[in-house]
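Chemist: Sharing a structure with you now.
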């Protein structure tokens with residue numbers, strides 16, 4: 001199986017005794033979790049990192065501009081616009097919004113975001129601060145409610161019209 005960089009892959013196996021989930025990111029990080037019927041909670045069994053040989057060499061066009069409602073994210077130009085007006089974001093704020101824009105309305109976990117944006121280093125407080133600043137700058141530009149905090153879980157990008165792409 002070859003993976004496409006930039007896509008998060010999950011496989012789930014269900015049995016009478018519970019569920020097994022394998023998660024793999026484009027960075028090559030993987031984790032296996034189990035949820036036994038009698039226990040009810042997910043438990044991490046093991047995790048690790050794979051080398052880059054499992055990835056497709058043909059990369060998708062992840063530099064194409066993405067429109068989410070009245071927000072335009074242009075990764076190639078590292079530019080975000082609201083109604084045609086540029087919104088100036090710090091580098092990590094831009095990277096956060098650009099990553100969230102790749103799958104509007106999908107909740108990215110804080111762990112995923114920390115791994116993708118800071119290589120797994122740092123604290124959730126750092127992520128929360130960057131998300132808050134990006135949210136404020138977008139609100140000032142007329143795009144309130146785009147960076148949504150999904151309490152204690154993560155963040156998603158959503159607009160009032162349901163997150164068109």
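The values are calculated or read from the model by the stated rules, or taken from the named source; none is laboratory data. If you're wondering where the values come from, they're calculated on a predicted model, not measured in any experiment. Every residue, glycine among them, receives a Cβ derived from its backbone with ideal geometry; neighbour counts consider all protein chains shown.
Chemist: Only one of 142, 122 is touching a residue at least 60 places away in the same chain (Cβ under 8 Å) and part of a loop (DSSP other than H, G, I, E, B); which?
Modeler: 142
Chemist: Taking region 71-93, which residues are surrounded by fewer than 18 Cβ atoms within 10 Å (Cβ to Cβ) and either part of a loop (DSSP other than H, G, I, E, B) or not assigned by TED's automatic domain parsing to the domain that holds residue 134 (or both)?
Modeler: Once the filter is applied, which keeps residues that are surrounded by fewer than 18 Cβ atoms within 10 Å (Cβ to Cβ) and either part of a loop (DSSP other than H, G, I, E, B) or not assigned by TED's automatic domain parsing to the domain that holds residue 134 (or both), region 71-93 yields 76, 77, 78, 83, 84, 88, 90.
Chemist: Which condition from (1) surrounded by 11 or more Cβ atoms within 10 Å (Cβ to Cβ); (2) over 30 Å from residue 138 (Cβ atoms); (3) modelled with pLDDT of 70 or more; (4) in contact with a strand residue (DSSP E or B) (Cβ under 6 Å, 6 or more places away or on another chain) is the one that residue 46 breaks?
Modeler: Condition not satisfied by residue 46: (1).
Chemist: Please state which one of 154, 122, 142 is in contact with a strand residue (DSSP E or B) (Cβ under 6 Å, 6 or more places away or on another chain) and within 25 Å of residue 31 (Cβ to Cβ).
Modeler: Answer to the selection: 154.
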